[in-house]
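Since every read-out is calculated from the coordinates, none of them should be taken as a lab result. As the structure is a prediction and not an experimental result, all values here were calculated from the model. Backbone-built Cβ (ideal geometry, glycine too); neighbour counts: all protein chains shown.
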Amino acid sequence: MRSICAAAACALVLAATARAADPAPTASPPKVLRYAMRVAETGFDPAQISDLYSSTMAGNIFDAPYEHEFLARPVRVRPNTAAAMPEVSADFRTFTVRIRPGIYFADDPAFKGADGRQVRRELVAQDYVYAIKRHFDPRWKSGHLTDLATAQIIGLEALRNEALKTKKPFDYDREVEGLRALDRYTLQFRLADPSPRFVSEQLCDPAVVGAVAREVVEFYGDKIMEHPVGTGPFKLGTWRRSSLIAFDRNPGYRNVYYDEEAPPDDPLAQAAVAKLKGRKLPMVDRVEINIIEQPQPRWLSFINREMDVLWQIPEDFVNVAIPNNKLAPNLAKGGIYYIRYLRNDFVMSYFGMENPVVGGYTPEKVALRRAIGLAVDVKREIHDVRRGQAIPAHSIVAPNVWGYDPAFRSEMGEFDRAKAKALLDLYGYVDRDGDGWRDMPDGSPLVLEYATQPNDLDRALAEQWQKNMDAINVRIVFKVAQWPENLKASRAGKLMMWGVSWTAGPDSEGFFLLGYGPAKGQADHARFDLPEYNRLYDLQRTLPDGPERQDVLTRMKELTVAYMPYKGHVHRIWTDLAQPWVVGYHRNVFVHEFWRFVDIDLAEKARRSR
């Protein structure tokens, strides 16, 4: 027996040795897309965020019923979670949307069955009803409230006003005429006024109208900013505030495949389509975003291959990366490629219209703002600070959107210090005490206070402001804080002046919100409130695109120029860089949620790293 057992043991040892000699199968490393943002996030709850950076991240977690095609030019809308394009009444007042069955939220402890166990949760029409109602709940202080309110969804404003009046919790269970789930998968909107652009303007942004499950909000309460749960391609993984945010592929994401259409004059887009057509989305396993405010470390992180994409070449490195707006030979030799595009943004400095120094509608206050605007040398700013990566802004409307007129010229884009000084003199802003600085007409000191941030770009812009104001003998001081802090103060109307940018589109209506009185504290950072402007804004909403609407928009532009609540600076030109192993990177200024359309070629990355 002993010999038999010994033989068996020997056979086992030999078999084990043979198995150990075989190469063990190795799992492929995860595909990780890494890039940096220069501004810190505020959170991920659609009802509470409004900044570009947080919205970009939230847009990859949540799903809107419709979306803009990623590569299409001109812009086209297609169904996302909707089964088809909506049924629209002839008067553009009723929109009926059918949601596709079989779409599920990412798994989360908030979803529990009757037995207390975690269950899968299907997306239903009622989730969109709830998500949109949240913007009208005073509890969340939504920055998108006015944008949605202008759509005139019947009953939502009344529900909000009742909550404000009674101080009672918002009644989510009360059905309103304008926003109803007709059945499990059918959603209907009824509007008080015609809205020809309702789908494109209101139902395509996942960071605003992305579906949110009521159970999740009730489960996490005031910490919902930290616990986004959506039906989109990614879910929040790691969050180190203002430092690192990581998103993991949502394993329960539905079957969606790359099916984009490239414009005939865009070889980069055509190459992406040829390589990725039919691939299941998303193609990367993880997205890691670092918050790097300063331009030099952001640039070096890309050059040192710590980042896969550089989202906007920092101004200080434009001449190094794209001399004469062409990719530098050393970068091209390394396989790096670039995407250059005119942003749909309006970069401005606003004047707090309720501020006692720069605000108000009387002639002397208007003259002060106009004089300050005329003294700003935007061409010098573009050359010295922005390294030529911008065009002057003559109105609040950005390029690439309906309503933008490249031929429109106005005082908003004019530089004339002689005229600025003459205006100040005429309206009594003169040096009354002999100290060399202008005073207010009543003799009190005239001191401008401009909010800014502690980074190199904002410091350089502040230096330009200092030079511009010194040239007309107007004192200016700078109040420095982190961007989220300035945003909070701005929404509360506590800032005299601040320089920010605004993006919207593909229609100009989102830009005209900047001057719409009911949007004070939200889109209307300046808190501009002019009855004639408000009337025109309401009118243009109901008009179809055409000459009549264009005339109304032009009049609104003229009013913002005349009263100058905003000093327009520029529309920016951005150039992004991508490493050679990044496949399919492109930009659509109307689609922030681009992560799912990008792949990482691990073999190419390994080859380049050797």
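Across q = 0.22, 0.26 Å⁻¹, region 88-172 modelled as identical point scatterers on its alpha-carbon atoms has Debye log10 I(q)/I(0) values of -1.09, -1.20, in the order of the q list.
Ratio of region 24-118's C-alpha Rg to 2.2 N^0.38 Å, to two decimals? Before the final figure, lay out each step's value.
On the way: Rg = 18.9 Å, N = 95, 2.2 N^0.38 = 12.4 Å.
Normalised Cα radius of gyration, region 24-118: 1.52.
Counting neighbouring Cβ atoms within 10 Å and putting the fewest first, the residues Tyr128, Tyr585, Tyr104 line up as Tyr104, Tyr585, Tyr128. Helix screen, the chain: DSSP H segments with Cα axial length of 27 Å or more and mean Kyte-Doolittle hydropathy at least -1.0 are 2-21.
Proximity of backbone amide H atoms, modeled 1.01 Å from N, is registered between Asp345 and Arg572 at under 5 Å, excluding neighbours fewer than 5 places apart on the same chain. Estimated purely from DSSP H runs of n ≥ 4, each contributing -39500 (n - 2.57), the mean residue ellipticity at 222 nm for the chain is -8500 deg cm²/dmol once divided by its residues.
Translational diffusion coefficient of region 62-230 (Stokes-Einstein, Kirkwood radius from Cα pairs, 4 °C, 1.567 mPa s): 78 µm²/s.
Taking amide H as placed 1.01 Å from N in the peptide plane, Trp498 has its amide H under 5 Å from the amide H of Tyr350, Ala451, each at least 5 places away in sequence or on another chain.
For the chain, the normalised intensity computed at q = 0.06, 0.11, 0.12 Å⁻¹ comes to -0.36, -1.12, -1.31 (log10 of I(q)/I(0), Debye sum over alpha carbons, equal scatterers, no solvent).
If the only charges are +1 at each Lys and Arg Cβ and -1 at each Asp and Glu Cβ, what is the size of the charge dipole of the chain around the Cα centre, to the nearest 20 debye? Walk me through the numbers on the way to the answer.
Details: 81 positive and 80 negative charges, 342 e Å.
So the dipole magnitude of the chain works out to roughly 1640 debye.
P(r) tail, region 146-263: Cα-Cα pairs separated by more than 16 Å, 75% of all pairs. With one equal scatterer per alpha carbon and no solvent term, the Debye-computed log10 I(q)/I(0) for region 263-413 at 0.10, 0.21 1/Å reads -0.58, -1.42. With Cα atoms defining each centre, region 84-138 and region 294-322 are spaced 40 Å apart in the structure. If you look at the Cα atoms of region 346-421, you get an Rg and a Dmax of 13.8, 38 Å.
Measuring between alpha carbons in the structure, the pairs from Lys275/Lys605; Lys419/Lys520; Lys141/Lys223; Lys141/Lys520; Lys479/Lys557 lying more than 20 angstrom apart are Lys419/Lys520; Lys479/Lys557. For region 224-305, dividing the convex hull volume of the Cα atoms by the residue count gives 152 Å³ per residue.
Taking the Cα atoms of region 388-439, the ratio Rg/Rh between the radius of gyration and the Kirkwood radius comes to 1.21. By the Cα gyration tensor, region 345-572 has an equivalent ellipsoid whose semi-axes, rounded to whole angstrom, run 28, 19, 17 from largest to smallest. When the convex hull of its Cα atoms is viewed from all sides, region 259-298 shows a mean projected area of 4.8 nm².
Under a model in which nothing but the beta-carbon of Lys, Arg (+1) and Asp, Glu (-1) is charged, region 62-230 shows a dipole of about 80 debye around its Cα centre.
How many Å³ per residue does the convex hull of the Cα positions in region 483-610 occupy? Don't jump to the answer; show the numbers that get you there.
Working: hull volume 20.7 nm³, N = 128.
Cα-based convex hull of region 483-610, divided per residue, equals 162 Å³.
So, in Å, what gap is there between the alpha-carbon centers of region 176-237 and region 352-377? Their Cα centres are 40 Å away from one another. Ordering Thr542, Thr42 by the number of other Cβ atoms within 10 Å of each residue's own Cβ, fewest first, gives Thr542, Thr42.
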